[in-house]
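This report concerns only the one structure given below.
The values are calculated or read from the model by the stated rules, or taken from the named source; none is laboratory data. What you see is a predicted model, and the numbers here were worked out from it, not measured in a lab. Cβ coordinates were reconstructed from backbone atoms using ideal geometry, including for glycine residues, and neighbour counts include every protein chain displayed.
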Amino acid sequence: MKIITRPLGMWQTNFYLLVNEATNEAVVIDPGYGEDQILSLIKPYQVKAILLTHAHLDHIGGLAATKEATGAPIYIHEAVKDWLIDPRLNMSVSFGQPIDGPPADELLYDGQRLALAGWELEVRHTPGHTPGCVSFVADNVVFAGDTLFQGSIGRTDFPGGDFDQLARSIREKLYTLPDETVVYPGHGPATTIGEEKRYNPFVRA
């Protein structure tokens, strides 16, 4: 099992590919802008699912191309499912690149457990950056989207953002993970839960 990651597009959004080397299957997380890079990375694998931490344009810019190339189902939290097909909600209209699909195939909920391509993932609803942000927890790792970064947190000044809710999500859903858990964020370098509990200036444990 291995994790392939690339920062994509002008926002350097982290794209993740969770690979099962024994079966050549994989799971995509957050296919942002950078269709050519995404399609090149996924080409050797059979993609079984496309998981979205949320639906802002920088995390779904390559979604249509990924869906078309793989036919894999799209998973997103119900609270932001409509954002996939509404360029105003996903903020793409503001940048002159309206994204109006594809729609979700499967809806995620807190505590759900996914078995995909040999990966076991727990869904944790971590709202605050958006109402439907989720984090995906696997063995000793968490894909936190734009909830928690190295030394920072997700913005809450966009529509649907809420700082108090975000801080609660981090304390109750992420800081409760073991300190050695590696955090793979939506932007920037990886960190650990222990490092953020001790040093994150925005949300202390």
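Below, the figures for the structure above:
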quantity: Residues satisfying the stated conditions in the range 165-193, i.e. β-branched (Val, Ile, Thr) and not in a helix (DSSP H, G or I); calculated: Thr176, Thr181, Val182, Val183, Thr191, Thr192
quantity: Candidate set: the range 57-69, residues that are touching a strand residue (DSSP E or B) at 6+ places or on another chain (Cβ under 9 Å) and touching a residue at least 40 places away in the same chain (Cβ under 8 Å); chosen: the one surrounded by the fewest Cβ atoms within 10 Å (Cβ to Cβ); calculated: Asp58
quantity: Considering residues of the range 2-30 that are charged (D, E, K, R) and either surrounded by 24 or more Cβ atoms within 10 Å (Cβ to Cβ) or without any contact (Cβ under 8 Å) to a residue 40 or more places away in the chain (or both) only, the residue farthest from Leu114 (Cα to Cα); calculated: Arg6
quantity: Residue in the range 50-57 that is part of a loop (DSSP other than H, G, I, E, B), farther than 25 Å from Asn140 by Cβ, at pLDDT 95 or above and among the aliphatic types (A, V, I, L, M) present; calculated: yes
quantity: Among (1) of a type outside the set (Lys, Arg); (2) more than 17 Å from Asp146 (Cα to Cα); (3) part of a loop (DSSP other than H, G, I, E, B) - the single one Leu39 does not satisfy; calculated: (3)
quantity: Scan of the range 88-109 for residues that are surrounded by 13 or more Cβ atoms within 10 Å (Cβ to Cβ), farther than 23 Å from Ala49 by Cα and not small (Gly, Ala, Ser), ordered by number; calculated: Leu89, Met91, Val93, Phe95, Pro98
